[in-house]
Amino acid sequence: MSEAEIGLIGLGTMGSNLALNIAEKGHKVAVWNRTASRMKSFVGNAGDLAENIVACDTLEDLMQAIRPPRPVILMVPAGDPVDQQIDALRPLAGMGDIIIDGGNANFHDTERRVKELEESGIVLVGMGVSGGEDGARNGPSIMVGSDKAAWQRIETIVTDIAAKYEGEPCAAWLGPGGAGHLVKTIHNGIEYADMQMIAEVYGILRDGPGLGAEEISSIFTRWNDGRLNSYLIEITAEVLATADPDSSVPLVDVIQDKAGQKGTGRWSVIEAAMLGVPATCIEAAVAARSLSSLKREREYASRRYPQAPRQQSVSTGDLVAELEGALLAGKIAAYAQGFAIMRAASDKYGWDLPMATIARIWRAGCIIRSQLLDSIAKAYDAKPKTANLMVAPSFVDILLPAHLALRVTAGRAALQGLPAPALSAALAYFDSYRQARGTANLIQGQRDFFGAHGFEKIGSRGQKHGPWAERTGKNKV
Ligand code: 6PG
């Protein structure tokens with residue numbers, strides 16, 4: 001009976017597409033879904049691929065159908081459903097069996113689950129999967145965290161189903177435990193920043209010179225042939241060019257300006273804050289989504305502070321060229337922050353995350369796939385311990401001109417009252433990062449003045465205090 005190479009639980013959109021992808025690559029997959037009717041229709045619609053699918057009526061059947069040690073992919077919603085599914089599998093699984101969580105888990109949960117299962121000898125693999133529905137079916141980018149033996153058991157299947165970039169699979173083992181899910185979380189954090197900056201540029205073109213959705217779509221289509229070439233730029237052009245079937249106006253013009261969020265962007269920001277890593281572009285993107293949901297408050301405020309007419313002092317051609325450079329510079333800053341978070345997490349948790357490999361497996365299949373990632377992989381290949389992407393030589397060459405475009409864009413947006421929080425955050429990050437002498441000397445002086453927290457003095461060792469009491473007669477330190 002043990003004929004399947006792998007099992008899969010949860011035939012929702014992602015799960016069913018992943019199961020078809022596995023079957024298509026010639027691997028027999030046993031599947032189970034909580035609602036039997038869904039499984040029936042899934043198998044019924046699988047066509048020729050049904051011969052590689054073993055539909056199981058119960059979890060017991062599923063476990064019996066898989067060749068040991070038995071890997072089972074969970075494609076269920078993140079959070080409690082994962083714990084519930086693990087609890088249901090625990091009595092049926094044994095030493096060496098492998099539960100693979102393919103959802104967007106919080107990596108702290110993954111680490112906890114690894115430990116909870118350790119005693120029973122069941123191995124938990126945290127597998128980040130990016131690429132949406134199409135990626136799951138035709139090749140996602142896959143970020144794996146697990147023990148090495150479990151990876152060896154699943155490596156062939158995982159690399160077979162992954163997207164390929166010039167023939168190289170976009171899947172890799174990145175480290176133990178929660179490493180794969182942390183990397184997927186940061187992928188999403190970068191995705192938030194990238195999307196927000198694109199939306200800001202759209203807003204500048206829409207509300208500055210007043211371009212229509214179709215005109216803006218053409219600009220994005222053109223950009224996609226250049227340095228900004230990426231999936232998100234490509235789909236932005238598509239979204240902007242799509243008409244509303246009910247009214248024939250551009251669909252984007254009738255979509256509510258309130259963005260949803262499921263949590264991975266927020267987790268990126270929380271993790272960055274806990275690690276003490278500045279992630280201002282991602283923070284701005286998460287905050288912008290939160291602010292977008294305050295629709296009624298924004299409407300009220302817009303009546304209190306009406307917009308003055310916007311003077312357009314630049315030709316549309318020059319503005320478009322400027323925005324292209326600004327988007328490129330902003331994107332580099334966002335990636336620099338994402339990679340810096342991963343570097344700090346790697347150090348804290350002792351993972352030794354392979355930065356070049358991460359960039360390489362993001363070059364195809366995932367939502368943030370872009371030309372830039374190949375350059376990022378090369379930069380980390382050349383110097384694996386690069387402190388920050390913005391100082392990698394190839395990126396200095398790009399940023400030296402591009403930061404000027406970002407500066408002009410952020411300045412113009414501010415003067416015109418057009419919100420560009422993520423692009424402005426990118427500029428402030430760039431300017432702060434390249435400032436050899438900053439202003440924290442004053443912060444240290446203030447901290448010492450009110451709380452005797454001490455400061456280091458240039459040219460001498462140890463903590464010092466200022467003579468504040470002599471000046472004020474108070475705050476004796
Ligand atoms: C991916 C996506 C995917 C999902 C996001 C959406 O990599 O395939 O990132 O994971 O679409 O989680 O997240 P929000 O609902 O938070 O935008």
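Of all residues in segment 111-133, those satisfying the criterion of being touching a residue at least 60 places away in the same chain (Cβ under 8 Å) and within 16 Å of the ligand (Cβ to nearest atom) are Val129, Ser130, Gly131, Gly132, Glu133. Among the conditions (1) of a type in the set (Val, Ile, Thr); (2) touching a Ser or Thr at 6+ places or on another chain (Cβ under 6 Å); (3) within 28 Å of Gly203 (Cα to Cα), the only one that Ile361 does not satisfy is (3). Restricting segment 185-218 to residues that are among the small types (Gly, Ala, Ser) and over 24 Å from Met143 (Cα atoms) leaves a set whose member that is farthest from the ligand (Cβ to nearest atom) is Gly210. Those helices (runs of 4 or more DSSP H) of segment 358-464 that lie entirely within it include none in which at least 3 residues are within 16 Å of the ligand (Cβ to nearest atom) and on the phi > 0 side of the Ramachandran plot. Comparison of Ala414, Ala392, Ala469 shows that the only residue that is free of Cβ contacts under 8 Å to residues at least 24 places away in the same chain, touching a Ser or Thr at 6+ places or on another chain (Cβ under 6 Å) and not aromatic (Phe, Trp, Tyr) is Ala392. Could you tell me how many of the residues in segment 1-38 are closer than 16 Å to Pro68 by Cβ, open to solvent by 60 Å² or more (accessible area, probe 1.4 Å) and in contact with a helix residue (DSSP H, G or I) (Cβ under 6 Å, 6 or more places away or on another chain)? Counting residues in segment 1-38 that are closer than 16 Å to Pro68 by Cβ, open to solvent by 60 Å² or more (accessible area, probe 1.4 Å) and in contact with a helix residue (DSSP H, G or I) (Cβ under 6 Å, 6 or more places away or on another chain) gives 1.
Among the residues of segment 172-215, the one identified as touching a Cys at 6+ places or on another chain (Cβ under 7 Å) and closer than 30 Å to Gly317 by Cα is Ala193. Return yes when Pro245 is more than 16 Å from the ligand (Cβ to nearest atom) and touching a residue at least 12 places away in the same chain (Cβ under 8 Å) and no when it is not. Against the criterion (more than 16 Å from the ligand (Cβ to nearest atom) and touching a residue at least 12 places away in the same chain (Cβ under 8 Å)), Pro245 does not qualify. Taking segment 183-213 as the range and being surrounded by fewer than 24 Cβ atoms within 10 Å (Cβ to Cβ) and of a type outside the set (A, V, I, L, M, F, W, C) as the test, the residues that pass are Glu191, Tyr202, Gly203, Arg206, Asp207, Gly208, Pro209, Gly210, Gly212.
Every residue, every condition in (1) buried (at least 22 other Cβ atoms within 10 Å of the Cβ); (2) touching a His at 6+ places or on another chain (Cβ under 9 Å), yes or no:
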| position | (1), (2) |
| --- | --- |
| Gly338 | yes, yes |
| Ile341 | yes, no |
| Asp347 | no, no |
| Pro354 | no, no |
| Ala359 | yes, no |
| Leu372 | yes, no |
| Ser375 | no, no |
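Go through (1) at pLDDT 95 or above; (2) surrounded by fewer than 23 Cβ atoms within 10 Å (Cβ to Cβ); (3) over 19 Å from the mean Cα position of the chain (by Cα) for Leu323 and report which single condition fails. Among (1) at pLDDT 95 or above; (2) surrounded by fewer than 23 Cβ atoms within 10 Å (Cβ to Cβ); (3) over 19 Å from the mean Cα position of the chain (by Cα), Leu323 violates only (2).
For beta carbons closer than 6 Å, sequence separation of 6+ or different chains, a first residue in segment 180-191 that is at negative phi and in contact (Cβ under 8 Å) with a residue 60 or more places away in the chain and a second that is polar (S, T, N, Q) and near the ligand (Cβ under 7 Å from one of its atoms), the qualifying pairs are Thr185/Thr264; His187/Ser130; Asn188/Thr264.
The values are calculated or read from the model by the stated rules, or taken from the named source; none is laboratory data. Keep in mind that this is a model prediction, so the values were computed, not measured. Using ideal geometry, Cβ is built from the backbone for each residue, glycine included, and neighbour counts are taken over all protein chains shown. Areas reflect the complete protein model, heavy atoms only, side chains present, ligands, DNA and RNA absent. Shrake-Rupley method; radii C 1.70, N 1.55, O 1.52, S 1.80 Å.
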